[in-house]
Every structure is written in structure tokens, then in C-alpha cells.
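The structure appears below as C-alpha cells.
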Protein chains: 2
Amino acid sequence: MENELRRDYFTDRQVIIAVGRGRRPTDFKHEAAMDSGDVKGCFFCPGNESSTPPEIMRVEEGGKWVVRVFPNKFPAVKPERGESTPEMMPAYGYHEIVVETPDHTKTVADLSVEEIGRVLKIYTARVDAMYKDPIVKYALVFKNHGKAAGASLAHTHTQIVSLPIIPKAVAEEEAAAAKYRMEKGSCPLCDAWKREASGPRGIWEDGNAAVFAPYASRNPFEAWVLPKRHVRVLGELRPDEIASLAQGLKLVLGKLKDGLSDTPYNMHFHLAPPGGDLHMHLEVMPKLSTWAGFELGSGIIINTMPPEKAAEFYRQT
Amino acid sequence: MENELRRDYFTDRQVIIAVGRGRRPTDFKHEAAMDSGDVKGCFFCPGNESSTPPEIMRVEEGGKWVVRVFPNKFPAVKPERGESTPEMMPAYGYHEIVVETPDHTKTVADLSVEEIGRVLKIYTARVDAMYKDPIVKYALVFKNHGKAAGASLAHTHTQIVSLPIIPKAVAEEEAAAAKYRMEKGSCPLCDAWKREASGPRGIWEDGNAAVFAPYASRNPFEAWVLPKRHVRVLGELRPDEIASLAQGLKLVLGKLKDGLSDTPYNMHFHLAPPGGDLHMHLEVMPKLSTWAGFELGSGIIINTMPPEKAAEFYRQT
């Protein structure tokens, strides 16, 4: 396969699929395996609840919490007003942590489909709560798993950050989807799953949800999980759709854990901004490469694995 | 200092300067220091010239090479035509390596100002040579230093990649500069250095060149180096401007080496595309943080160090 310069379904994202570069030699040792940290001193483990800011919500079973939500102690944004200038505004908003399991050694891949569905509902509730503040213009839900993917603590957790603006990447994706609809009369992500779900980049589908490796994948093993129905935000999902998304997500994260040595990954939800029409989807991005000078300077991302091969990996039983 | 959401001088880049997040605890061990590799087996060291593809050019002193240019053995692009589709074209172009010193233990920071100037002229010659191919629409010059910054080999080297399109990041920056000029009647980078060079974000200047930490820095210790004159591409630089840029660059890279334990960094040249009017500049980006789920999902970058503090570091003698 020659090197291909591919473009995304509807955004202006460009990637080079360069299989040969995956074979280049290196002077450097491989990243050490994820250090799971000192369980006893873990801020997110049961018994250490007082080391986090005051709890916002919890789910209990048998008198013990199983999911816990609290503000980030070292937030990127704060609900504090202040002076603005033409080139600066206070980074106003809420930065919360969702700890999805009390078990320091588990990840979301180890939860049951029902438990993952419950967690998706908690994300929904927190996003909806943040939008109650009229200054909030967008709430972003994401997970960093492992040090290489930017996590600072090992105990699995998801972050929700709300912002006083619609952030650049969200505004661009919403605008690109609107442009596609104007030109083709259809939603780019409805079109994408219909094209991909049963093809060479398809990973899994049921009646409600689809999982596939996107045509212009930026990373080895990149996978997208989405509802088939044109759903824009978490709050619009039906219970059966939540169950299907949970099943698709468990499949992807399970493969990364069991088939790829618990590889570090970033996962982020693409949710429509208020009033927008973007088809919601989750992007799971294993962190197996470093975006460097080429990516910084060009905006084009080099990926050494074709998504067709990634889909094969996920489809293996 | 509260958390600030800052925007760039002229692009739509957004960063959050969040000092408090720099104090968050971590479960993970620090990155091991850069492994300088097995000198004996280094593909880029003298004696191993046959392990690279055939040489394109060299500079010799006393019968030995001091700078060497050859094609990348594992290229991201190749000068091979092929079929295109509406969403894919062959990644056509040239991918070259410039090894700036035969000494495995040296970096560009260790070269003299004259030697760095010579290297800048070699980049110029190779970029100009690539543009002789009419399929080439842009040539990108960049360096990855250290494993964390995406280098696969330790021996210092710069890469030049030409592409069959003007890449997304370059097209966006050129368009944003044109918009700024339409609105303000001036060049955004001429305005930026005039504002910054002698202020709290200023690092160094002489009659020809300026170095400063940009207002919306994405990384701790980010620094920009540029000619004061409105020069668009390397080939337009006068010899005295090359000497000044070399001096500014040596200052920045020397500080990163001696004052920051030879920290990994990416460096990339922002050169105007053919026919464009972008004011050329170099961006040096130390790799001291990981862009993770937040950055991927929002396009906004969190930086835990204000550029005002970075500039203080560089100004210390």
C-alpha cells in the first residue's frame, strides 16, 4: 500500500496513512507499562474521600459508593467572574471528576454493560447540571487513561469541563456538519455509519449503535462509537440506546485492555453544542504515537496503521 | 493569577493558562532522561553512511562531512504518482533528513552561530530544490528533539517534508494573517514582535531578529524566533538576518539544554506558502505536557505556565 493522504468524512482533517513508517528503528526504550500507583495513598479510593473537594453526587450499593462525582482539586476552569480584555477572558466554568468504580485496579472495560450504562447517565446528569449556569456555553466529557495519554492519577476517572465559549474544535465540527447537510441533504455521521458499519472498517453494530474505525483515522486502533439514530446530546438517548452504546464501548475498551496490553488512550464525547445538530459520537484514540513537529507544523497527522487493519483487530473474537 | 482563556494574536487558537494545574499530584514516575542510544550503531554517525539512502548533499571540513542530507528511509511521503479518489490522494512528496553535526552527543545548541547560520542556508537550499517539482505545494521544516517529542533516533537531525497540498495548518495561518491585514492594515507578526520584544514576554532582540514567548503560549517555555523585517520564506533572508536568527535560536536551544536538563522539544518553521504573505517565524515548543482528551475534544490547549514566566527564565543569564 502506498502512502495515502486521506480526508475525513466531513471536516477538513487530513491524515497520511504511512504503513512503512511503522517499521522505522528507534534508539529509545519503550514506555514503561502503566504504573498503577500506590493504592493506599490513592485520592480516589474508598477511605480517602476527604482528600477530594466536597462530593457532588454518588451512587451507592449496599451502603458503599460505586460511582462518585466531585470537583477537580486542580481545575482548568473555575466558576469565578473577572475582567475580560479583547484577547482574554476568565476561564469560567466547572471541572468535575467522575470516578466510575471504587476498585483501583478496574477500568471501565471491567464494568458490566449495565454499569457502563449507569455511568453514561451520570455524565448526562452532570452535563445537564452545568448547562443550568447561563455563562456555560459547552460541556466537554473526556477520559485520559494511562500516563502516556495525559492521566496524572491511575485510578480510572472521567473529566467533565464546561467552558464560557463553544470551543474551536466543536464549533468547527458543527459548522462542517452543517455545510455537509447543505450540500448533500444528509447528516455526515448518519452517512458514515451506514457506509462503514458492515464494510472493511466496521467493528460492531446492533439495531441502535455502530462501532467502526474511521476512514481518516489519526491513530492506530482509533474507533468511533455512536448511536444510529440522529441523536445530538446524551440527554436525548433512549434507555435501549444507552445499553447499546455501553455494549459497543465495552467491546472497544475491552479489546484495548486485553488485546493491546491495557494501552493508554484518550476518549472524548463529541456532543452537539446547544442549538446545534451534530450527530453525537465517542472517539476512542489509543495513544500509540506522538504528534510531533510534522503534525504541529502542518496540521496533518501521520498514522502508521490503516483503519482497515484496526477494524480487523477489533473484530477478532 | 486566575485561569485565563487567551487567544492568539491573529489565528483562532485558544489556550487556558492554568497555573494551579501545574501543582497537581501524579501517580506516575517522571519520564526517564533521554537515552542517547547506542553510538556505535547510530545510523547517522560517521562510518555508517551506507546505512542511509544515497546522500543528497554534504558540507565537508578537512575532508570529513560536517552536515549531511539524505532521504528518509521510512518516508511519510514519496515521489510516486498514483490514483486519487474524492477523499484520497497519494501522499506525494520528498522526505529528507538533515544531520547538522557528525557528533552524536551534540545538539544544535552546541553549534556556533556561524554553524547554525550554515544549517539555515542548507534548509533553504533543500526547500528551494523541492519546490522545483511542480506537484509540490508546500515544504515543511521541523525538528523533533528527544523521544517525548517524537524523535525515533537520538542523533540530532531536522526533517523536511514536501506535500502535494498546502497543509491545513499553513492554509489557516495564511488566511488568518490576510484577514488581520485586511482589518488592521498591518502584518500580525510585525505587530506582535513590536509589542512583545521589549515587554514582559520579550526574550532577546537585535536589529534584525526578535525572540519572545507568545501571549497565547501552548506549552511551558514556548518561544518564537523571527526576523523583524517582513520576510516570508527562508530564501528572502539576508546574510545578516540569518546570523541574527542563528543567534536567537542558539540562545533558546541553549537555555533548554543547559537550564532545563536538555528537555525534549519540537521546532517548526512557519514559512509562507508559495504566493503567500505570512511573516516567517520559528516556533520552539518544549514537550513538557501531554495534549490529552481535553485538547483533542475542544481544540483548546491547557498550559500551566504563563509566557511571562517563561520569558523570565530565558532572560536569566
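Toward the positive end of the charge dipole of chain A, about the Cα centre and with charges on Cβ (Lys, Arg +1; Asp, Glu -1), which of A:Leu271, A:Ile160, A:Ile16 goes farthest? The listed residue farthest towards the positive side: A:Ile16.
Taken about its Cα centre, the protein assembly as shown carries a charge dipole of roughly 100 debye when the Cβ of each Lys and Arg holds +1 and the Cβ of each Asp and Glu holds -1.
Values of log10 I(q)/I(0) for segment A:76-152 across q = 0.13 Å⁻¹ run -0.55, by the Debye formula with one identical scatterer at each alpha carbon and no solvent.
Here is the list for segment A:95-130: trypsin sites (Lys or Arg not before Pro) lying in DSSP coil, each with at most 15 other C-beta atoms within 10 angstrom of its C-beta, are A:Lys106. Rounded to the nearest 20 debye, the dipole magnitude of chain A is 280 debye, with +1 charges on Lys and Arg beta carbons, -1 on Asp and Glu beta carbons, and the Cα centre as origin. Peptide A:3-16 is shielded by partner chain Cβ atoms: per residue, an average of 5 of them sit within 10 Å of its Cβ. Among B:Met57, B:Met88, B:Met280, the largest mean-square fluctuation in a Gaussian network model of chain B (Cα springs under 10 Å) belongs to B:Met88. Calculation over all alpha carbon pairs of the protein assembly as shown in 20 angstrom steps from 0 returns a P(r) of 19, 54, 26, 1, 0 percent. Comparing mean-square fluctuations of A:Thr304, A:Thr85, A:Thr263 from a GNM of chain A with C-alpha springs under 10 Å, the top value falls on A:Thr85. Debye-formula intensities of chain B, expressed as log10 I(q)/I(0) at q = 0.08, 0.10 Å⁻¹, are -0.37, -0.59 (one equal scatterer per alpha-carbon, no solvent). Its Cα gyration tensor gives segment A:1-158 an equivalent ellipsoid; the semi-axes, largest first and in whole Å, are 32, 26, 18. Directionally averaged projected area (segment B:189-313, Cα convex hull): 8.1 nm². Across segment B:195-268, Cα-Cα pairs more than 22 Å apart make up 22 percent of the total. Stokes-Einstein diffusion of segment B:181-228 at 25 °C, 0.890 mPa s viscosity, Kirkwood radius from Cα pairs, rounded to a whole number: 221 µm²/s. Pairwise Cα separations in segment A:42-110 fall into 5 Å bins from 0 onward with the following percentages, short to long: 3, 14, 22, 19, 14, 9, 7, 6, 4, 1, 0.
Taking chain B as a Gaussian network of alpha-carbon nodes connected by springs under 10 Å, the highest mean-square fluctuation of the residues B:Met285, B:Met89, B:Met267 belongs to B:Met89.
Mean separation of Cα pairs under 8 Å and 6 or more residues apart, divided by the residue count, gives chain B a relative contact order of 21 percent.
When the helices of chain A are scored as -39500 (n - 2.57) per DSSP H run of n ≥ 4 and the total is divided over every residue, the value at 222 nm lands at -8000 deg cm²/dmol.
Partner shielding of B:146-153 amounts to 6, given as the average count of beta-carbon atoms from other chains within 10 Å of each residue beta-carbon. Among the residues of B:156-164, the average count of other protein chain beta-carbon atoms within 10 Å of the residue beta-carbon is 2. Diffusion of segment B:118-175 by Stokes-Einstein, at 4 °C in a medium of 1.567 mPa s and with Rh set to the Kirkwood radius over alpha-carbon pairs, works out to 101 µm²/s. The alpha-carbon atoms of segment B:141-242, seen along their principal axes, cover 43, 34, 31 angstrom, with the largest extent given first. In plain terms, the C-alpha convex hull of segment B:259-317 casts an average shadow of 6.1 nm² when viewed from every direction.
The numbers here are math on the coordinates, done by the rules we state, and not lab data. In this text the structure is predicted, and so the values were computed from the model without any measurement. When we count neighbours, we look across all protein chains shown, and the Cβ atoms used for this are built from the backbone with ideal geometry, even at glycine.
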